[in-house]
Structures are given as structure tokens and as C-alpha cells.
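Undergrad: Encoded as C-alpha cells, here's the structure I'll be asking about.
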Amino acid sequence: MKIRSLSYLRTIFLFLLIGMISCQKEKIYIIDEEPLTPSSTRIYYVQAEIVEWDYVPLGYNLISNMPFNDNENDYVKPDSNRIGNKYLKARYIEYTDATFTVQKPQESADMGIIGPVFRAEVGDSIIVYFRNKTNFPVSVHPHGVRYDSVSEGIRGVDPGSSFVYKWVADENSIPSYNDPSSLGWVYHSHVHENENMDVYAGLVGALVIYRKGFLVNGKNKNVNVEKFAIIYEIDEGASILFDQNLAKYIHVPVDTNDPDFMESNTKPSINGRMFGNNVFTGINKGDRVRWHIFTFGDLRNNFHTAHWHGNTVVFSGTRTDVILLGPANLFTADMIASNPGKWFFHCHVDTHFAEGMSSVYIVNN
Ligand SMILES: [Cu+2]
């Protein structure tokens with residue numbers, strides 16, 4: 001009897017111990033040290049618009065410093081049966097107010113195709129006044145913030161119509177213990193997303209959630225520069241604007257199933273630019289640079305290894321100079337730009353690099 005009570009006690013003690021350990025473990029994932037009361041409302045005015053986009057505005061290969069060669073021209077040279085370098089694309093454009101008359105300039109030219117950055121501290125509300133000026137239904141679906149089904153952004157806003165999205169950066173948005181003081185997320189149109197038609201058309205953007213007290217004058221108080229890079233192979237053949245592109249740029253009958261024609265409409269790009277035509281600027285020697293990098297798209301062509309020359313980064317507590325990306329991942333990595341120079345930033349997948357998935361970042365001395 002005595003022995004049995006002892007073994008009962010031991011069992012109860014064991015359960016208690018396991019319970020205590022699992023409670024402690026749970027604590028690791030519940031981060032509650034930051035105030036959760038909404039403190040600010042961050043308001044953005046965004047319109048989806050159709051624009052003519054140039055994948056190579058510089059007109060030459062900045063990586064080789066040469067004119068485009070024959071292989072490169074397969075992707076960027078217009079011809080009677082090739083669309084070439086310019087396509088109609090849909091973009092998120094920021095305006096100063098709900099009249100949508102005065103555009104806000106992009107925060108830097110190197111943002112390329114990326115829509116305006118929505119920034120908020122934990123506890124803030126985000127309101128996006130959105131108008132659709134394209135000719136197909138689109139939406140704004142955010143990652144990383146709290147919303148109800150009305151503001152989830154999976155229902156299309158009809159052409160010519162408006163919608164107000166209301167999101168909150170709540171306790172589930174807080175950068176975790178292993179995260180830096182601000183964390184990047186993506187947003188995108190989610191109406192035709194099963195076939196990637198929206199994101200290939202160009203309706204992609206980034207949002208950043210900052211720990212309380214870290215968003216000062218529109219940027220992270222602990223970093224000098226924030227940079228954003230979307231590294232994705234855009235299949236223009238799968239864009240919702242493809243038929244409109246054919247009508248605008250192709251004036252002879254083409255076989256749209258011809259493998260060479262289909263290949264010419266794939267664009268391995270960084271921020272919507274190819275062959276080094278996106279140049280990241282505004283970085284000085286010694287700057288703390290926070291890179292937010294992401295991709296979108298399909299299984300076959302959109303796993304990338306983003307690689308910086310010249311400087312390394314710290315990502316997820318590890319030092320590296322290559323980060324593997326999958327569709328809709330957004331990874332935040334920190335660089336101390338100690339090595340000045342003009343450096344490549346490119347995808348290390350060989351075919352992607354050869355076909356244009358490269359850019360340049362400059363660290364001023
Ligand atoms: Cu790649």
C-alpha cells in the first residue's frame with residue numbers, strides 16, 4: 001500500500017514537472033511584453049493602375065557592361081513576333097489623399113515594381129483607402145496583420161470601384177524573440193491568385209511591422225537604410241494582362257503556344273528589372289542596412305537563392321550571404337555595409353542569373 005502511494009506521488013510529481021516544463025516552453029512563443037492598445041492609425045491611399053513597364057530601362061546589361069547579346073535579346077528585344085522589353089503591367093500606386101490626384105513618389109527609385117510600403121508599429125491600425133483603376137477585379141490581401149473576413153482582401157474590387165481595408169498589427173504581428181526589431185511581410189492581389197495572374201501582372205507590395213517605439217520618422221530608428229527586393233520570374237504569358245499585351249505589342253499572327261515565344265515572355269527579374277537594370281542606391285559605408293527580400297509565383301521557376309556580393313548579412317541569427325526564398329516568403333536580413341563598392345545582388349540559380357535575375361547595389365565610400 002505504502003509502495004503504491006509512493007508510486008502515485010511519483011507519477012503526480014512527474015505530470016506536474018512535465019506540465020511546468022511545457023508551460024515554460026509555451027511562454028517562448030507568447031510574447032506579451034509590448035503594449036497592445038492601438039496607438040496610431042496609419043493611413044494609406046492606394047490605387048491599382050495599368051502602366052507601361054520597361055524591364056531594362058538602361059538599355060544595356062549593367063552586369064557585363066555590354067549591349068545585350070543574342071541570348072539576352074531573346075528576353076528583351078521587341079520584334080514583330082516578340083513583345084520584348086515593355087509590357088502593360090498593373091501596379092499599386094500611392095497617392096496623398098482619397099481624391100487620388102497627387103501621386104506620392106516612391107521612397108526610392110530602386111523599389112521598382114514594388115507597391116508602397118505599409119509601415120506600422122505593433123498596436124497600430126492600418127487603413128488602406130483603395131481604388132481599382134485597372135480593367136479587371138483586384139484586391140489587397142496582407143500577410144502578418146489581423147483582419148476580419150471583410151478586410152481579408154480575397155474578394156475582388158471591381159474596376160472603377162473603391163474599398164477601405166482595415167487591419168491591425170496585434171500581438172500576432174509582434175516580431176518574435178529571434179526576429180529583428182522590424183519584420184517584413186507581403187501584400188498582394190488575391191483574386192486570380194491560384195494561377196498567379198495578379199502577382200505576375202505586378203500587384204505586389206511589402207509591409208513592415210516595427211516593435212513599439214522603433215518606427216521613427218517613417219523608418220526604423222536602429223537602421224540607416226531599409227531596402228526591398230522582390231526576386232521573381234514573372235511569367236507574362238500567365239499575367240491577367242497577357243491578352244492586352246498581345247493586342248498592344250504584337251501585330252502579326254503568333255503561335256502563343258510556341259515554346260520560344262512562351263520563353264520570351266518569362267522575365268527573371270529583381271524589382272521588375274533585368275540584367276542589372278535595378279540599382280540599389282543610398283547606402284553609405286558603415287550603414288546598417290535592413291534588407292526585406294521576397295518572391296512570388298510558381299513551383300517550377302520561383303525558388304531563388306538571393307546572393308549579395310561584397311558584404312554579408314545576418315538572417316535568423318545566422319551569418320550568410322545567400323538566402324533561399326519560396327513564393328510569398330518575405331525574409332528580413334541585416335547588413336553592416338562595411339565594404340564600399342558596386343556589388344552584384346543576384347539569384348544564384350544559374351539559369352535565372354543568366355536570363356536576367358541580377359541587380360547591383362552601391363555602397364558609397
Ligand atoms: Cu532564382
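Undergrad: Picking from 258, 170, 110, which is most flexible by a Gaussian network model of the chain using Cα springs under 10 Å?
TA: Maximum among the listed residues: 258.
Undergrad: Among DSSP bridges having both ends in the stretch 6-364, what percentage is antiparallel? Round to the nearest 5.
TA: 75
Undergrad: Out of the stretch 158-227, which trypsin sites (Lys or Arg not before Pro) are coil in DSSP terms and have no more than 15 other C-beta atoms within 10 Å?
TA: Answer in residue order: 221.
Undergrad: Could you work out how far helix 2-29 tilts from the main Cα principal axis of the chain, as a 0 to 90 degree angle to the nearest 10?
TA: 30
Undergrad: Quick one: putting +1 on the C-beta of Lys and Arg, -1 on the C-beta of Asp and Glu, what dipole do you get for the stretch 43-175 around its Cα centre, in Debye to the nearest 20?
TA: My answer is approximately 320 debye.
Undergrad: Lys/Arg Cβ at +1, Asp/Glu Cβ at -1, dipole of the stretch 6-364 taken about the Cα centre: which of 305, 240, 264 is farthest positive-ward?
TA: Checking the options against the dipole of the stretch 6-364, the answer is 305.
Undergrad: Moving on to the next point. Whole Å is fine, so just give me how far the alpha carbon centre of the stretch 121-168 lies from that of the stretch 218-289.
TA: Their Cα centres are 23 Å away from one another.
Undergrad: Turning to a different aspect of this structure: What is the Cα radius of gyration of the chain over 2.2 N^0.38 Å, N being its residue count?
TA: Normalised by 2.2 N^0.38 Å, the Cα Rg of the chain equals 1.13.
Undergrad: Using 27 Å as the Cα-Cα cut-off, could you pick out the over-long pairs in 104/227; 77/248; 219/285; 77/227?
TA: Distance filter (> 27 Å) returns 77/227.
Undergrad: A further question on this structure: Under 19 Å from the Cα of residue 221, which aspartates and glutamates turn up, not counting those fewer than eight places away in the same chain?
TA: Candidates past the 8-residue exclusion: 34, 107, 121, 124, 179, 287, 334.
Undergrad: Report the charge-dipole magnitude of the chain in Debye, nearest 20, computed about the Cα centre from +1 at each Lys and Arg Cβ and -1 at each Asp and Glu Cβ.
TA: Result for the chain is approximately 1620 debye, rounded to the nearest 20.
Every read-out reported here was derived from the displayed coordinates using simple, explicitly stated rules and does not represent laboratory data. What you are looking at is a predicted structure, and each value in this text was computed from that prediction instead of being measured. Cβ coordinates were reconstructed from backbone atoms using ideal geometry, including for glycine residues, and neighbour counts include every protein chain displayed.
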